[in-house]
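A.B. asks: First the structure, which I've put down as structure tokens, then a few questions once you've had a look.
The values are calculated or read from the model by the stated rules, or taken from the named source; none is laboratory data. Just so it is clear, the structure is predicted and the values come from calculations on it, not from any experiment. Glycine gets a Cβ as well: all are built from the backbone with ideal geometry, and neighbour counts include every protein chain shown.
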Number of protein chains: 2
Amino acid sequence: MNCGEQNTPGSVTREPPPAKLRILAAAEQLVAEQGFDAVSTRDIVARAQVNIAAVNYYFGSKQSLLLEIFATRAAELNRERATLLARVIDKRPDDVRAIMHALFQPTILWNSEERRLALRFLNRARREGPLEVRETIRTDVRHLYRFVDALANALPQMPHEELLWRFHFALGALHHNQPGDYERLIVLSDGACRPDDQQRLLDHLLDFVARGFGV
Amino acid sequence: MNCGEQNTPGSVTREPPPAKLRILAAAEQLVAEQGFDAVSTRDIVARAQVNIAAVNYYFGSKQSLLLEIFATRAAELNRERATLLARVIDKRPDDVRAIMHALFQPTILWNSEERRLALRFLNRARREGPLEVRETIRTDVRHLYRFVDALANALPQMPHEELLWRFHFALGALHHNQPGDYERLIVLSDGACRPDDQQRLLDHLLDFVARGFGV
DNA sequence: GTTTGTTTCAAACACCTGTTTGACATCCGC
DNA sequence: GCGGATGTCAAACAGGTGTTTGAAACAAAC
């Protein structure tokens, strides 16, 4: 029997079967590499070595599958950022650069292929994802409020609107460091600037943004 | 007869027939509004009120049609930027903010719906366009060299690599001001920051970037 | 051994995609 | 008038899309 309505037809206490995990991994990797619209259900099941019906059996639809991956990865990222920020607020609450470091570091410094794919998937979702993803990103800004509050605390003399503009531009500078964005920098600098040198990129980015905040 | 090989089967001296122009306009508008992958040939011909075969008759393929729009609009934008830059170099060659103003202004300040759509199309092309578009953008950086040279001239003491990093981040801050990017700013500021107020956005952006350049 | 719930499978479904065809209409130069 | 190039059209093409079906396989429970 199909039970298409349920997302996890298996007993809730038992761990999900390998097939489900393989679908999640395959979908994430393919979307990260090729983009949201370029990946078909058949591409996913081919890589996961699973029958075509498995996607709808386990996730209800292709879209639900991708939304689940997005929700999982976004929560992971926001949790990591919040942890880093809490540490900064505890020790150096007036250090604007340290606050922005907590925001930037988790997306700039990655040390495993799995993490690289997860971040790439998230960025694809932001830009190419279905309307539901975009809407979630647009409205769910709770995790960003923590950073804005921390910045307002560190820069008490700055008008709030001014602070938010600068925070917005800082996010722009951050998000511009994805494949497809930084290639022109490599060409322009004739290879001198290497965005794949993560630590160096992070340093330069934080320098730029801290100056933008006026500190 | 079809003459599928030629892009402009009509006599080259005569102006293109209304049908061709209607296809160009319809394709640009639809892609600007809905994205590269979301628009089908049939969507385009429906809006242009043209038979389905007209796209391939006039442009050879859907992709060629979109590439032609991209090339036209990109050339327009770069020409405008170059004109503004030349004026700045002539009058205030040391004014970093003025140089960046020449780069930003044409994409931030637009005064017609037609122009808004053209800019939106260009941004869609950058992010979602076919590989050929991405490759063109990546390699054709001639128009950016003028700005880098102007900046290097205005900031002779700055190491070139440093300058290029900052230029790169400035482009990131610029490109982040598109629908889909700035919505969170509106939510975060509870409507106080209005990215649709073009002059205000441009001022804040130039403030931020100029500070980022250390001037 | 039978029953029950879960998982897998080949096949098909209905629909959409970009592109092509060949016939028909139109217009211009001669 | 005629011939040939130019434009338009309905129809079909070949292939891809996400999703569904119903039967089979499997495991554990009784």
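A.B. asks: Six or more apart or on different chains, Cβ under 9 Å: which pairs go from a residue in the range B:58-82 that's within 14 Å of chain A (Cβ to nearest Cβ) and under 23 Å from B:H101 (Cα atoms) to one that's more than 16 Å from DNA strand C (Cβ to nearest atom) and basic (K, R)? Could you list them?
C.D. replies: Pairs that qualify, where the first residue is within 14 Å of chain A (Cβ to nearest Cβ) and under 23 Å from B:H101 (Cα atoms) and the partner is more than 16 Å from DNA strand C (Cβ to nearest atom) and basic (K, R), are B:N78/B:R142.
A.B. asks: Is it the case that the range B:68-81 has a residue that's in contact with a Phe, Trp or Tyr (Cβ under 9 Å, 6 or more places away or on another chain), crowded, with 16+ Cβ neighbours inside 10 Å and under 30 Å from B:R211 (Cα atoms)?
C.D. replies: Yes: the range B:68-81 contains one or more residues that are in contact with a Phe, Trp or Tyr (Cβ under 9 Å, 6 or more places away or on another chain), crowded, with 16+ Cβ neighbours inside 10 Å and under 30 Å from B:R211 (Cα atoms).
A.B. asks: Mind checking whether some residue in the range A:138-153 is modelled with pLDDT under 95 and aromatic (F, W, Y)?
C.D. replies: No.
A.B. asks: Return the total of residues in the range B:32-59 being within 13 Å of DNA strand D (Cβ to nearest atom) and at positive phi.
C.D. replies: Residues that pass the stated criteria total 1.
A.B. asks: Mind checking which residues of the range A:28-71 are part of a loop (DSSP other than H, G, I, E, B) and hydroxyl-bearing (S, T, Y)?
C.D. replies: A:S40, A:S61
A.B. asks: Hey, B:T107 hits all of (1) over 15 Å from the mean Cα position of the chain (by Cα); (2) within 14 Å of chain A (Cβ to nearest Cβ); (3) outside any loop (DSSP other than H, G, I, E, B) but one; which does it fall short on?
C.D. replies: Every listed condition holds for B:T107 apart from (1).
A.B. asks: Here's something else I'd like to know. Determine which member of the set B:F208, B:F167, B:F147, B:F213 is buried (at least 16 other Cβ atoms within 10 Å of the Cβ) and within 22 Å of A:L144 (Cα to Cα).
C.D. replies: That would be B:F208, the only listed residue that is buried (at least 16 other Cβ atoms within 10 Å of the Cβ) and within 22 Å of A:L144 (Cα to Cα).
So that you can scan it fast, the table gives a plain yes or no per residue for (1) crowded, with 16+ Cβ neighbours inside 10 Å; (2) touching an Asp or Glu at 6+ places or on another chain (Cβ under 7 Å); (3) at the interface with another protein chain (Cβ under 7 Å from one of its Cβ atoms):
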| residue | (1), (2), (3) |
| --- | --- |
| A:R126 | yes, no, no |
| A:H143 | yes, no, no |
| A:S189 | yes, yes, yes |
| A:C193 | yes, yes, yes |
| A:R200 | no, no, no |
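A.B. asks: Where the second residue is basic (K, R) and the first is without any contact (Cβ under 8 Å) to a residue 12 or more places away in the chain and lies in the range A:27-53, which pairs have Cβ atoms under 7 Å and are six or more apart or on separate chains?
C.D. replies: A:I52/A:R42
A.B. asks: Restricting the range B:96-122 to residues that are of a type in the set (K, R) and closer than 17 Å to B:Y182 by Cα, which is surrounded by the most Cβ atoms within 10 Å (Cβ to Cβ)?
C.D. replies: B:R120
A.B. asks: Which condition does B:Q178 not pass, out of (1) farther than 22 Å from B:K91 by Cβ; (2) free of Cβ contacts under 8 Å to residues at least 12 places away in the same chain; (3) more than 7 Å from chain A (Cβ to nearest Cβ), if it passes all the others?
C.D. replies: Single failed check for B:Q178: (2).
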